[in-house]
Amino acid sequence: METFFSDYFLPAALSMVMLGMGLTLTITDFKRVFRKPDALLIGLAAQMLLLPLVAFLVASLFPMPPELKVGIVLVAACPGGSSSNLVNHLLRGNVALSISLTAINSLLTLFTIPLIVNFAMNVYLGKSHDFELPMGETMINIFSFTILPAIFGVYLRGKFPDIAKKLERPLRYILPVLLFIAFYGIVLFDKQENQTSILQLASLLPYALALNILGVAAGYLLTLFAKQSKPVRTTIAVEVGLQNSSLAIFIATKLLVSSPMAVIAVLYGIISFFTTVFMGWLIYKFVTD
């Protein structure tokens with residue numbers, strides 16, 4: 001059981017998180033998102049266009065090895081992570097918008113990741129590496145671990161509204177603990193293919209921090225310029241700040257066979273949750289609508 005947390009506990013924890021998010025929502029919440037899709041379109045533009053541009057900027061400004069530059073772009077090209085839905089729930093963002101962005105972005109990036117990463121490899125490595133994501137398997141995983149549990153949670157909320165409301169408060173504490181256990185179980189107990197020392201990770205910290213902080217700031221400023229409400233600004237800033245680093249690690253190790261690209265994704269996954277939560281909390285606490 002060398003990968004228990006990666007293979008079993010993390011998917012189960014993510015499913016529980018999405019189920020918990022669904023329990024806080026109604027079908028009306030989603031109708032509201034699609035009835036006025038401007039926030040959804042702005043969020044998709046922020047994730048799929050603005051964040052990769054920020055990644056290319058970071059890769060071009062920092063003196064790092066070429067493979068790390070590609071790794072930075074790879075992280076930015078991936079969809080938002082499921083943890084962004086939890087963070088938006090905790091910060092009272094627009095959770096229905098967050099889940100909609102995660103679902104749509106996850107499907108669209110199946111096609112955009114190869115384009116963006118191949119372009120980055122041409123720019124920084126002088127070569128391209130054609131690859132394809134296992135589309136069918138990836139879409140099944142996305143549906144199984146994010147969309148289906150959320151839909152089931154919405155169904156339960158409609159069927160048993162009183163119970164769902166009673167569960168909201170305890171789930172606010174239980175769900176973060178589940179993700180915390182899953183993440184640190186992977187780091188501390190699961191055998192990783194790319195063992196990296198603490199000193200090596202620390203030397204790469206500025207690159208991952210730059211992508212994360214600039215991404216959150218860019219997402220927030222874009223929504224501010226577009227005159228969106230505070231919950232929408234918070235939601236999109238968090239969505240841009242929390243990318244699916246697990247997918248980036250998979251692509252780096254299995255499809256591109258590059259340890260340096262995987263290492264930057266691992267480091268981003270370690271720090272981005274906490275820094276994004278902190279920046280989101282600052283927005284929630286000190287920024288007026």
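Readers should treat all values here as calculations from the given coordinates under stated rules, not as data from a laboratory. All of these numbers come straight from a predicted model, not from anything done at the bench. Cβ placement follows ideal geometry from the backbone for every residue including glycine, while neighbour counts extend to all protein chains displayed.
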Inter-label distance, nm, simple model (7 Å from Cα along the C-beta direction), Thr28/Ile104 = 2.2 nm
Between Leu247, Leu41, Leu25, find the one with the highest GNM mean-square fluctuation for the chain; connect C-alpha pairs within less than 10 Å.
-> Leu41
In degrees between 0 and 90, to the nearest 10, how far off the longest principal axis of the chain does helix 161-188 point, with axes built from Cα atoms?
-> 20 degrees
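Can you flag which of Lys31/Lys230; Lys36/Lys285; Lys31/Lys227; Lys166/Lys285; Lys165/Lys254 are past 31 Å Cα-Cα? Write down the numbers at each step before the final one.
Values: Lys31/Lys230 19 Å; Lys36/Lys285 27 Å; Lys31/Lys227 21 Å; Lys166/Lys285 25 Å; Lys165/Lys254 42 Å.
Table pairs above 31 Å Cα-Cα are Lys165/Lys254.
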Fewest-first sequence of Asp29, Asp38 by Cβ atoms within 10 Å of each Cβ = Asp38, Asp29
Sticking with the crude label model, points 7 Å out along Cα→Cβ, report the distance from Phe278 to Arg35 in nm, one decimal please.
-> 3.9 nm
Over the chain, the sum of -39500 (n - 2.57) across DSSP H runs of at least four, divided by residue number and rounded to 500 deg cm²/dmol, gives at 222 nm -24500 deg cm²/dmol
Whole-Hz ³J(HN,Hα) from phi, Karplus 6.51 cos²θ - 1.76 cosθ + 1.60, for the stretch 100-113, glycine and proline x | 4, 5, 4, 5, 5, 4, 4, 6, 5, 5, 4, 9, 7, 4
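Where does each of Ile104, Ile42 land when they are ranked from fewest to most other beta-carbon atoms within 10 angstrom? Each step should come with its number before you reach the end.
On the way: Ile104 16, Ile42 22.
Placing the least packed residue first, the sequence is Ile104, Ile42.
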What are the ³J(HN,Hα) values, in whole Hz, obtained from phi via the Karplus relation 6.51 cos²θ - 1.76 cosθ + 1.60 with θ = phi - 60°, for each residue of the stretch 213-225 in sequence order, with x given for Gly and Pro?
-> 5, 5, x, 4, 5, 5, x, 5, 5, 4, 6, 5, 4
FRET efficiency for Arg169 and Ile270, using Cβ-Cβ distance with R0 set to 41 Å, rounded to 0.05 | 0.90
Listed by chain and number, the residues whose amide H is under 5 Å from that of Gln243, excluding neighbours fewer than 5 places away on the same chain and using placed H, are Gly81
Counting only residues 5 or more places away or on other chains, whose amide H sits under 5 Å from the amide H of Gly93 once H atoms are built in the peptide plane?
-> none
